[in-house]
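Participant: Structure in structure tokens, see below.
The values are calculated or read from the model by the stated rules, or taken from the named source; none is laboratory data. Computed from a prediction, not measured in an experiment: that's the story for all the values here. Here Cβ is always computed from backbone atoms with ideal geometry, including for glycine, and neighbour counts include all displayed protein chains.
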Amino acid sequence: MALIKSISGIRGTIGGKPGDTLSPLDVVRFTAAYGTWLLSRAGDNKKVVIGRDGRISGELVQRLVISTLNALGIDVLDLGLSTTPTVEMAVVFEKAAGGIILTASHNPKEWNALKLLNEQGEFISGADGAALLDIAAKEDFNFASVDKLGSHTILENALDKHIEAILAYPLVDVAAIKKHKFRIVLDAINSTGAIAVPALLKALGVKDVVVLNGEVNGKFAHNPEPLPQHLTELCNEVNKQKAHLGIAVDPDVDRLCFVCEDGSLFGEEYTLVAVADYVLRERKGNT
């Protein structure tokens, strides 16, 4: 059992004693610290975006976070099941004061976390993280009176807006992708990649998509970190389906790994390099 406090968020295992794990008391305490920190700097903007991956504990943690923020007088825009990039984008789209992503990323199902964002949809700075941890340690909270409690709004179009922004990017050639009639195999690791990635592929004109581990139940079919030793099933399925490409993501879809048409792995460490090479080739100079 573990509870890890860092400048970017709070991560821990579910169950056990408060202070030793990510217990309900710890979720409330650190959410209250984040909300208090945010209110001290956000002025009249009291909107916070939240979203979660498909973990078993996700709905429980989500309810605690929403109620705590509302108790501070903060209005919550709730994406429900979502991805880390989509929550980050939604903070900007909705002009929110910040965001909380409920995910332990590639950690096993026993873990969950609160990842904390600023008004730019970016992870909070080291200085801000230290200030937040100090607030939590002192429990220096001031909850709202009954007439000033925050609201809870379900935000249903965040993924659509995110996909629209991707399609609008000048270097994304939807016509070329659609023309090739790709067959793609996706390993969604029983989390929100099963929702977001097929929707994106459909918008890009890819109609032939085979989804592995597509039930969003948080019962990860294998170790969720997208490393070669965990992606044997995907590599084999790419060969079996005679697919053009395999895609693996982690539970909150902020890590991406490709499998080539021959079933060989195009490792995660090359993904960003390949994309950067393409962008810089098309757009010279600083981008």
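Participant: Filter segment 18-54 for residues that are among the polar types (S, T, N, Q) and without any contact (Cβ under 8 Å) to a residue 60 or more places away in the chain; which is farthest from D254 (Cα to Cα)?
Facilitator: Of everything passing the filter in segment 18-54, S40 is farthest from D254 (Cα to Cα).
Participant: Quick one: which strands (runs of 3 or more DSSP E) sit completely within segment 1-89 and have at least 1 residues that are among the small types (G, A, S) and over 15 Å from W111 (Cβ atoms)?
Facilitator: 47-52, 75-81
Participant: Restricting attention to segment 246-287, which residues are among the charged types (D, E, K, R) and assigned to a loop (DSSP other than H, G, I, E, B)?
Facilitator: Those that are among the charged types (D, E, K, R) and assigned to a loop (DSSP other than H, G, I, E, B): D250, D252, D254, R255, E261, D262, R283, K284.
Participant: Within 28 Å of V76 (Cβ to Cβ), among the acidic types (D, E) and surrounded by 13 or more Cβ atoms within 10 Å (Cβ to Cβ): does that describe E139?
Facilitator: no
Participant: Which of the residues spanning segment 71-99 are surrounded by 22 or more Cβ atoms within 10 Å (Cβ to Cβ), out of contact with any Phe, Trp or Tyr (no Cβ under 7 Å at 6 or more places or on another chain) and under 23 Å from F143 (Cα atoms)?
Facilitator: I74, V76, L77, A96, A97, G98, G99
Participant: List every residue pair whose Cβ atoms sit under 8 Å apart, with the two residues 6 or more apart in sequence or on different chains, where the first one lies in segment 109-130 and is under 16 Å from L39 (Cα atoms) and the second, anywhere, is among the aromatic types (F, W, Y) and outside any strand (DSSP E or B).
Facilitator: Sorted first by the residue in segment 109-130, then by its partner, the pairs are L116/Y34; D128/W37.
Participant: Report, ordered by the first and then the second residue, all pairs with beta carbons closer than 9 Å, sequence separation of six or more or different chains, a first member in segment 263-285 that is of a type in the set (A, V, I, L, M, F, W, C), and a second member that is part of a helix (DSSP H, G or I).
Facilitator: Once the first residue is of a type in the set (A, V, I, L, M, F, W, C) and sits in segment 263-285, its partners that are part of a helix (DSSP H, G or I) give L265/P228; L265/L234; L265/C235; F266/A274.
Participant: Of the residues that sit in segment 244-273 and are of a type in the set (G, A, S) and closer than 21 Å to V206 by Cα, which one is surrounded by the fewest Cβ atoms within 10 Å (Cβ to Cβ)?
Facilitator: The residue in question is G263.
Participant: If I ask for residues that are among the polar types (S, T, N, Q) and either assigned by TED's automatic domain parsing to the domain that holds P226 or within 9 Å of the chain's Cα centre (by Cα) (or both), which ones from segment 65-116 would you list?
Facilitator: Residues satisfying the conditions are S82, T83, T84, T86, T103, S105.
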